[in-house]
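Reviewing the structure listed below.
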Amino acid sequence: MFQRIANSWELVKASARVLQQDKELLVFPTFSVAGVILVTLTFILPFIFGGMLDAFISERFQVFGYLVLFLYYIVQYTVIFFANTALVGAAMIRLRGGDPTVRDGFQIAARNLPAILGYSVISATVGVILRSLSDRSEGLGRFVVSLLGTAWNVATFLVVPVLAVEGVGPIEAIKRSTSLLKKTWGEQIAGNIGLGAITFFAVMAVLIGGGVGVFALISLEAGTLLYILLGTVVVISMVLIGLISSTLSSIYTSAVYQYATTGESGEFFDPSLVQQAFRLKR
């Protein structure tokens, strides 16, 4: 177990080397975050009106609320999956020895837009169903719904690289993702847990540093400007951590797909390490 975690850490570091080579990959998660914020702001009024209509007609059946939620999920997922497909597509070019550009990534995503939209509709349907079940459940029921959501996320872990590389439809992409998951021992899950732990410690370091800074400013009786400056530094640091973490996760996912489908690790990954990490089930 500890060896698998160590292998995952090495693979995350290899993903970081890819990002160091192509820093422009950060453009894609930035696009995703900006798009999600814009979509959320756009849907504020529809959510309010949907809730008012449900309250007027029936408080028990929130038909309009779930309808707005479904549309919100579709638009939000389309933005996220489009950006992720662009990022993974560009990362795959680098892993295969090419030199990707931001334009290359967006072109790959644009070519697969119909499949991305179809997958967004499927994901939105699953999301609304799970949300509805969770709202109507308590205790153990919500725990079971949470497990179902986790199972869905695991099964669709490789959908985005399948869409980016193979150009198949959304249903076939889900089938391919599930098939590739069965072929490996789930190293991709351990790697993302490792990346999540690194992100957590980085966030904690920023928060602790910010707290120490506040106490220092209080002791120095600093002016308002310094507090604003400190807060700005903390917010920017948190945003950068999120963007880097998201980018590394997508690069790692690309590496998982690369080895699972071709058996090749690429120049950034130690072949012997990858062979140990991605052992096929017998």
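Assessment of region 260-267 against the conditions (closer than 22 Å to Pro29 by Cβ and either at pLDDT below 70 or not small (Gly, Ala, Ser) (or both)) yields at least one matching residue. Quick check on this structure: which one of Arg96, Arg142, Arg136 is over 21 Å from the mean Cα position of the chain (by Cα) and under 20 Å from Ser249 (Cα atoms)? Going through Arg96, Arg142, Arg136 in turn, the sole match is Arg96. Within region 92-114, residues that are modelled with pLDDT under 95 sit with their Cβ atoms under 6 Å from residues that are assigned to a loop (DSSP other than H, G, I, E, B), at 6+ positions apart or across chains, in these pairs: Ile93/Pro100; Arg94/Asp22; Arg94/Pro100; Leu95/Gly266.
Scanning for something under 26 Å from Gly65 (Cα atoms) and aromatic (Phe, Trp, Tyr), does region 92-111 turn up at least one residue? Checked region 92-111: no residue is under 26 Å from Gly65 (Cα atoms) and aromatic (Phe, Trp, Tyr).
Would you confirm whether any residue within region 155-168 is of a type outside the set (Ser, Thr, Tyr), over 19 Å from Ile251 (Cβ atoms) and assigned to a helix (DSSP H, G or I)? So that I can check it myself, show each step before the final result.
First pass over region 155-168, keeping only residues of a type outside the set (Ser, Thr, Tyr): 155, 157-168.
Adding the requirement that they be over 19 Å from Ile251 (Cβ atoms) leaves 155, 167-168.
Now drop any that are not assigned to a helix (DSSP H, G or I), which leaves 155.
Yes: region 155-168 contains one or more residues that are of a type outside the set (Ser, Thr, Tyr), over 19 Å from Ile251 (Cβ atoms) and assigned to a helix (DSSP H, G or I).
One residue alone among Gly98, Gly65 is touching an Asp or Glu at 6+ places or on another chain (Cβ under 9 Å), on the phi < 0 side of the Ramachandran plot and buried (at least 17 other Cβ atoms within 10 Å of the Cβ), and that residue is Gly65.
Out of Arg142, Arg176, report the one residue that is without any contact (Cβ under 8 Å) to a residue 40 or more places away in the chain, outside any loop (DSSP other than H, G, I, E, B) and over 23 Å from Thr78 (Cβ atoms). So that I can check it myself, show each step before the final result.
Details: Arg176 fails: over 23 Å from Thr78 (Cβ atoms).
Only one candidate passes the filter, namely Arg142.
Taking the residues in region 149-201 that are closer than 14 Å to Ile122 by Cβ, surrounded by fewer than 20 Cβ atoms within 10 Å (Cβ to Cβ) and among the hydrophobic types (A, V, I, L, M, F, W, C) as candidates, determine which candidate is modelled with the lowest pLDDT. Restricting to residues being closer than 14 Å to Ile122 by Cβ, surrounded by fewer than 20 Cβ atoms within 10 Å (Cβ to Cβ) and among the hydrophobic types (A, V, I, L, M, F, W, C), the top hit is Ala155.
Among the residues here, Gly35 qualifies as under 20 Å from Met238 (Cβ atoms) and assigned to a helix (DSSP H, G or I). The C-beta contact set for region 10-26 (first residue of a type in the set (A, V, I, L, M) and modelled with pLDDT under 85, second residue outside any helix (DSSP H, G or I) and surrounded by 13 or more Cβ atoms within 10 Å (Cβ to Cβ), distance under 6 angstrom, 6+ apart or interchain) comprises Ala14/Phe268; Ala14/Phe269.
Please verify whether Leu45 is part of a helix (DSSP H, G or I), touching a residue at least 12 places away in the same chain (Cβ under 8 Å) and of a type in the set (A, V, I, L, M), treating the condition exactly as stated.
no
Among the listed residues Thr78, Thr40, which satisfies the condition of being under 29 Å from Ala115 (Cβ atoms), within 19 Å of the chain's Cα centre (by Cα) and at pLDDT 95 or above?
Working: Thr40 fails: at pLDDT 95 or above.
Exactly one residue qualifies, and that residue is Thr78.
Applying the set (1) touching a Lys or Arg at 6+ places or on another chain (Cβ under 7 Å); (2) without any contact (Cβ under 8 Å) to a residue 60 or more places away in the chain to Ala260 leaves exactly one unmet item: (2).
Just one of the listed residues (Val235, Val206) is exposed (fewer than 15 other Cβ atoms within 10 Å of the Cβ), modelled with pLDDT of 90 or more, at negative phi and in a helix (DSSP H, G or I), namely Val235. Would a scan of region 119-130 turn up a residue that is more than 22 Å from Ser249 (Cβ to Cβ), more than 19 Å from the chain's Cα centre (by Cα), hydroxyl-bearing (Ser, Thr, Tyr) and loosely packed, with under 15 Cβ neighbours inside 10 Å? No: region 119-130 contains no residue that is more than 22 Å from Ser249 (Cβ to Cβ), more than 19 Å from the chain's Cα centre (by Cα), hydroxyl-bearing (Ser, Thr, Tyr) and loosely packed, with under 15 Cβ neighbours inside 10 Å.
The values are calculated or read from the model by the stated rules, or taken from the named source; none is laboratory data. Quick caveat: nothing in here was measured; it's all calculated off a predicted structure. Don't worry about glycine lacking a Cβ; one is built from the backbone with ideal geometry, like all the others, and counts go over all protein chains shown.
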